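First up is the structure itself, then whatever we jot down about it.
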Amino acid sequence: MQGVGMRPFVYRLARELDLAGRVSNGPEGVIIEAEGDAQALAAFEIRLKRDCPPPADIVDCIVQPIPAIGDQGFRVEASRADGTIAPFALPDLAPCPTCLRELFDPGNRRFRYPFISCTHCGPRYSILDALPFDRERTAMAGFPLCAECLEEYSDPSDRRFHAQTTCCSSCGPTLALWDAAGRTLAHGDEALLQAVERLRRGQVLALQGLGGFQLLVDAADEEAVQRLRERKHRPHKPLALLVPDLAAACELCDVTEAETQLLTSSAAPIVLLGRRAEAGSIASGIAPGQNRLGLMLPASPLHHLLARDFGAPLVCTSGNRSDEPICIAPDEALGRLAGIADAFLVHDRPIRQPLDDSVIRIADGKPLMLRRARGYVPRPVALDTDMPPILAAGGHLKNTVAYADGRRVILSQHLGDLDTAESLDRHRTTAELLPRLFGRPPRSVVCDRHPDYASTRWAESTGLPLRRVPHHLAHALACMAEHGLKSPVLAVTWDGLGLGEDGTLWGGEFLHIAPDGHRRIASLMPLRLPGGERAIKDPRRSALSVLHALYGEETPERLPTTLKSRLEPGTLSVLLRLLQTGTQSPECSSAGRLFDAAASLLGLCRDISFEGQAAMALEAAAERGGEGDGTIYPMPLIDGEPKRLDWCPLFHALLDDRAAGVPTSVLAFRFHSSLAAAVAAIAVAESIPTVVLAGGCFQNRLLLELCAEQLRHAGLRVYWPQQIPPNDGGLALGQIAAATFSEEFLTCV
């Protein structure tokens, strides 16, 4: 992997073993010519793989003999730009311990310099223009090295030997603090100190981070947090917190060993952690109704300085307006964040690749990626089949694009929902960038079958040969590709909505994936969506649809008080008429809408302002229910093509128990347990030993763990996406994987 100090490592190892030769970067990777004693060469090969720098990921090592030329000494040569490009570049790396010691050492010449880095850490993908990874092909090209930095860069014994991001306050990027009108208030460390003071006064600070702007505010200031929410039009969605160190994280949350490893990794993602009951040092508006907080440790020296100088948790959320991609340039941020930020802490190192913060949690003791971006992109996913150059357009929500050439897939960073002109432009530029960086022009493109997705329309506009991949099959194939699974597989693909292969809306599917094709063996019983798309953003409509399925014309008399008080009589009359006639009420088999209905019927969620809000409220309530009492509500399987899981008995029992006074948290846990039991029952009946859990519903830690536990108890192998999001952020990988199959395989039978 380039950008990790591989050439300096090779140089020092070769010198230690008294080998002659050379090392250089090329588009295809690192090229080494080593000449010397056979025993030393054998040791060199072993130690090359065993002792390489920690961030390196050697995915392939080709060794072949070449004639000796009597070379003298070992040297690092200039990179070559010719040759076949290999899809390898490093993600951005959080500061290493040595750089951090220098950052806070008053005697070091880089004391409090916010752009300190070395071969082991610093920006990589966010500053990349082209491969190989050399200074002149990055955003650092505009910062010539001063004499002292050049001496370090040229010294084989220095850890900054050939470190492309090397710089200092004399030759590197600088900070500036702007007011809301863009007037410069301060430079350098003074800018940082004034920014901290503004945070203490409750102001909203726009910070130019590694991969884009972030919005910061004092996490303990209730009024400041609410002001940020109002300005950003983000009334309910949880806000991430930046804390200075692991000790501060442990004051707020219970942190397991696995979570500690994620927090302190070089990726420095946001990690969802269980909040401690006694943690009261943050505003109640940070994560309303949730048991968990999203915490991150500093991902850059600048974040370290801010977090330590402030000395308390800071809200640190994406620098954008609702539904827009993050800002990456100071002038862009000044315009798009006007009215949100009170001040801007900016710098003059350009951001080449926009990168949100990655979001991850631990489920069943393993990572569960929710948003994949900074720190993880562009690490490739391996395929077991050679692919011609191909692009995947992804879905509409939580969009990513993917590019494959050979046996490696590059899945782009999280690009967001494709609902605005800015997000569509970001999608297009990323799709054009990946082939330029990592391979050859694409020969074909794959996309979702939904004709109204913006990503589908983009794919159609390319003029390239086009394949359309079923939405839920792509979810399943993405997980299979990540884990290298072969069919037969039973794929449980549960999400909000996706266009099914029969033209209806799916979302609660059981797919049997065999070597010669796939078929839909079972599905959740369809639910009507009164008002169509409006029901997706209004859980009350899903709840009313469930009640209508249970009680028919008696629905108005059977409305629970939690729902009756939240529906105007006129609105209720209109929605019931839509359900009775089927007008503007398409059917869907969505698991996500069942979660919406349950959350609404239990009084946990009225209106929602972001996708998944109702399901998150239901999960949080279920977690408060402890381990449950073992009660499983029935979900009989109705014969047919496909078989249907009947959720009516489940909701009958849920409502009866609510009327009997069973606590809401217990009911929420029973709802999750009952769904997991139904999944396990179908898997056992199908006798397919390998089960895949995919789709956005399996972001729910409790549902995932209950399903995995029951499936393993039945003797089945169970897999779910871990390094790739289970939500629509993983669709592009599944679309690439689908391109290895025939058109007949992609057609559901």
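FYI, it's all coordinate maths here, none of it is from the lab. Just so it is clear, the structure is predicted and the values come from calculations on it, not from any experiment. Neighbour counts run over all protein chains shown; Cβ positions are idealised from the backbone, glycine included.
Short-range pairs are left out: with C-alpha atoms under 8 Å and at least six residues apart, the relative contact order of the chain is 12 percent. Taking R0 as 60 Å, what's the FRET efficiency between Y551 and R201 from their Cβ-Cβ distance, rounded to 0.05? That gives a FRET efficiency of 0.60.
Considering only alpha-carbon pairs that sit under 8 angstrom and 6 or more positions apart, the relative contact order computed for segment 175-347 is 37 percent. For segment 665-704, backbone nitrogen atoms closer than 19 Å to the point 7 Å from E533 Cα along Cα-to-C-beta are found at no residue. Principal axis extents of the C-alpha atoms in segment 523-722 (largest first, rounded to whole Å): 52, 38, 30.
If you take every residue apart from R201 with its C-beta less than 10 Å away from the C-beta of R201, what net charge results, scoring Lys and Arg +1 and Asp and Glu -1? Working shown, then result.
Working: positive: R198, R200; negative: E197, D218, D221, D342.
Taking every Cβ under 10 Å from that of R201, the sum is -2.
Calculate, for D607 and C648, the FRET efficiency according to 1/(1 + (r/R0)^6) with r their C-beta to C-beta distance and R0 35 Å; round to the nearest 0.05. About 0.85, to the nearest 0.05. A straight chain from L193 to R428 at 0.36 nm per residue would run longer than the Cα-Cα distance by 80.7 nm. Length gained on full extension, S461 to C61, computed as 0.36 nm times the residue gap minus the Cα-Cα distance: 140.1 nm. Rounded to the nearest 500, the 222 nm mean residue ellipticity of the chain from helices alone is -10000 deg cm²/dmol, with -39,500 (n - 2.57) taken per DSSP H run of at least 4 residues. Distance between the pseudo-spin-label points of F111 and S157 (7 Å out from Cα toward the beta carbon): 2.5 nm.
What Kirkwood radius, in Å to one decimal, follows from the Cα pairs of segment 301-344?
Computed over segment 301-344, the radius equals 11.9 Å.
The residues R566, R540, when put in order of fewest to most other Cβ atoms within 10 Å, stand as R566, R540.
Which residues in segment 673-693 place their backbone N less than 16 Å from a point set 7 Å from the Cα of E705 along the Cα-to-Cβ direction? So the set is 673-674, 676-677.
Projection of the Cα convex hull of the chain, averaged over all directions and equal to a quarter of that hull's surface, yields 33.5 nm².
Each of D656 and A514 was given a label point 7 Å from its Cα along the Cα-to-Cβ line. The distance between the two points is 4.0 nm. Both radii are taken from the alpha-carbon atoms of segment 380-469; with Rh as the Kirkwood radius, Rg/Rh is 0.94. Contact order for segment 6-76, expressed relative to its length and based on alpha carbon pairs under 8 Å spaced 6+ residues apart, stands at 44 percent.
Work out the length of the dipole vector of the chain about its Cα centre, built from +1 on the beta-carbon of each Lys and Arg and -1 on the beta-carbon of each Asp and Glu, and round it to the nearest 20 debye. Working shown, then result.
Details: 76 positive and 91 negative charges, 129 e Å.
Value, rounded to 20: 620 debye.
Projecting label points 7 angstrom from Cα along Cα→Cβ for R436 and D37 puts them 5.0 nm apart.
How long is the gain from A685 to D51 if the chain were fully straight, where each residue apart is worth 0.36 nm and the alpha carbon distance is subtracted? Provide the component values of the computation, followed by the final result.
Details: separation 634, 0.36 × 634 = 228.24 nm, distance 4.86 nm.
Stretched out fully, the A685 to D51 stretch lengthens by 223.4 nm.
Kindly state, to the nearest 0.05, the FRET efficiency for S573 paired with D502, given R0 = 25 Å and r defined as their beta-carbon distance.
Values: r = 32 Å, r/R0 = 1.29.
That pair, S573 with D502, gives E of 0.20.
Sequentially through segment 130-139, phi angles give Karplus couplings (6.51, -1.76, 1.60; θ = phi - 60°) of 6, 9, x, 7, 10, 3, 5, 10, 9, 5 Hz, Gly and Pro residues having no value and appearing as x. Listed here are the pairs K564/K643; K366/K398; K232/K564; K49/K366; K232/K398; K232/K537; which of them are more than 28 Å apart at the Cα? Where the Cα-Cα span goes over 28 Å, the pairs concerned are K564/K643; K232/K564. Rg and Dmax, both from the Cα atoms of segment 146-296 and both in Å, are 19.0, 55.
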